[in-house]
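See below for the structure under consideration.
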Amino acid sequence: MKRLPLLLLLLSALPAGAFAQQEMTGIRKQEPFVQQHELRLTAGAYPLLTNLDRWSTCTDADFSFDRPHRGAVYTSGAWSLSYDYRFKKWFDLGATVSYYGEYSDLYSSDGWSPVRRDRTHYISVMPVVRFTWLNKNWVRMYSSFGLGATIEHGRRYYDDRPYRDVLVALQFTPIGISVGRSLFGFAEIGVGSQGVLMMGVGYKFKPKNKRAK
C-alpha cells in the first residue's frame with residue numbers, strides 16, 4: 001500500500017519537469033538572423049550644402065550698390081530616399097538620394113523693388129554604411145556614414161548667370177534610433193548633406209527566397 005502513493009508522486013512530477021525543461025529550452029533559443037531589404041524616407045533640417053564661394057567677400061566690387069540685394073532665404077529642408085541591404089545583424093550597405101532647395105527674392109539697388117526670384121537646387125547621391133550597436137525586437141540604435149557627390153544648380157545673384165557645380169556630399173550620423181518592426185519610425189542626429197536633425201519612416205522586408213513558405 002505504501003508503494004502506490006510513491007508511484008503516483010513520481011508520475012505527477014514527470015510532466016512538470018518536462019514542461020520546465022521545455023520552457024527553459026524556449027528561453028535559450030534565439031531566432032537566426034535573416035538578411036533584409038530596407039527603404040527609408042527622411043526629412044532633415046540644417047543640411048551643410050551651401051557653396052561658400054558664393055558668400056565669400058573677396059573684393060570691394062562684391063559690395064557694389066549696382067548689384068541686386070538678396071532678401072530672406074527660404075529652404076525646402078533636406079528630403080532623402082534611401083535603400084539599404086542588411087548583410088549582417090550589425091552591418092548595412094546602401095545608397096541615398098537627397099534634395100535640398102534654397103529660395104530668395106532679389107531687390108533692385110535703387111528702390112528695393114523685386115527683380116526676380118533666386119533659386120538654388122542641390123541633389124546628392126551617396127553610398128552609405130550603417131553599423132548597428134544595439135539590436136532588440138522593437139528598438140535599434142546605430143551609427144552611419146555616407147560619402148558621395150552633390151550637384152548644385154542655380155543662378156548667381158549678382159549677374160543672373162546660370163551655373164552648375166559639383167560638391168562633395170558627406171553625412172556622418174553618430175547616433176540614430178529606430179522603433180518598430182516591419183514598419184518603423186526613426187530619429188537621427190548628425191552632420192552633412194541630409195541635415196543635423198533628421199526624422200522619418202521606413203519599411204523593411206526579407207528577400208523573396210528567405211521568406212517563410
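The values are calculated or read from the model by the stated rules, or taken from the named source; none is laboratory data. All figures in this text were calculated on a predicted structure; none of them were measured in a lab. Positions of Cβ are generated from backbone atoms using ideal geometry, with glycine treated the same way; all protein chains shown enter the neighbour counts. Just so you know, the surface numbers come from the protein's heavy atoms only, side chains and all, with ligands and any DNA or RNA stripped out. Shrake-Rupley method; radii C 1.70, N 1.55, O 1.52, S 1.80 Å.
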> With respect to Leu167, is the statement that it is part of a strand (DSSP E or B) and surrounded by 15 or more Cβ atoms within 10 Å (Cβ to Cβ) true?
Replying inline: yes
>> Please go through (1) at pLDDT 90 or above; (2) closer than 20 Å to Tyr74 by Cβ for Asp105 and return the number of the only condition it doesn't satisfy.
In response: (1)
> Considering segment 71-91 alone, what residues qualify as being in contact (Cβ under 8 Å) with a residue 40 or more places away in the chain, open to solvent by 60 Å² or more (accessible area, probe 1.4 Å) and in a strand (DSSP E or B)?
Replying inline: Leu81, Tyr83, Phe87, Lys88
> In segment 186-213, which residue that is open to solvent by 90 Å² or more (accessible area, probe 1.4 Å) and either among the hydrophobic types (A, V, I, L, M, F, W, C) or assigned to a strand (DSSP E or B) (or both) is modelled with the lowest pLDDT?
Replying inline: Ala212
> Can you name the condition, by its number, that Gly101 falls short on among (1) crowded, with 16+ Cβ neighbours inside 10 Å; (2) within 30 Å of Tyr85 (Cβ to Cβ); (3) out of contact with any His (no Cβ under 7 Å at 6 or more places or on another chain)?
Replying inline: (3)
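Taking the residues in segment 124-136 that are assigned to a strand (DSSP E or B) and open to solvent by 50 Å² or more (accessible area, probe 1.4 Å) as candidates, determine which candidate is nearest to Val73 (Cα to Cα).
First, the residues of segment 124-136 that are assigned to a strand (DSSP E or B): 124-135.
After this cut, where a residue has to be open to solvent by 50 Å² or more (accessible area, probe 1.4 Å) as well, the list is 125, 127, 131, 133-135.
Details: Val125: 24, Pro127: 30, Phe131: 36, Trp133: 39, Leu134: 40, Asn135: 41 Å.
Among residues in segment 124-136 that are assigned to a strand (DSSP E or B) and open to solvent by 50 Å² or more (accessible area, probe 1.4 Å), the one nearest to Val73 (Cα to Cα) is Val125.
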> Quick check: is even one residue across segment 115-123 hydrophobic (A, V, I, L, M, F, W, C), assigned to a strand (DSSP E or B) and surrounded by 14 or more Cβ atoms within 10 Å (Cβ to Cβ)?
Replying inline: yes
> Only one of (1) surrounded by 13 or more Cβ atoms within 10 Å (Cβ to Cβ); (2) at pLDDT below 90 is not met by Arg156, so which one is it?
Replying inline: (1)
>> Can you tell me how many residues within segment 53-100 are at pLDDT below 70, of a type in the set (Gly, Ala, Ser) and touching an Asp or Glu at 6+ places or on another chain (Cβ under 9 Å)?
In response: 1
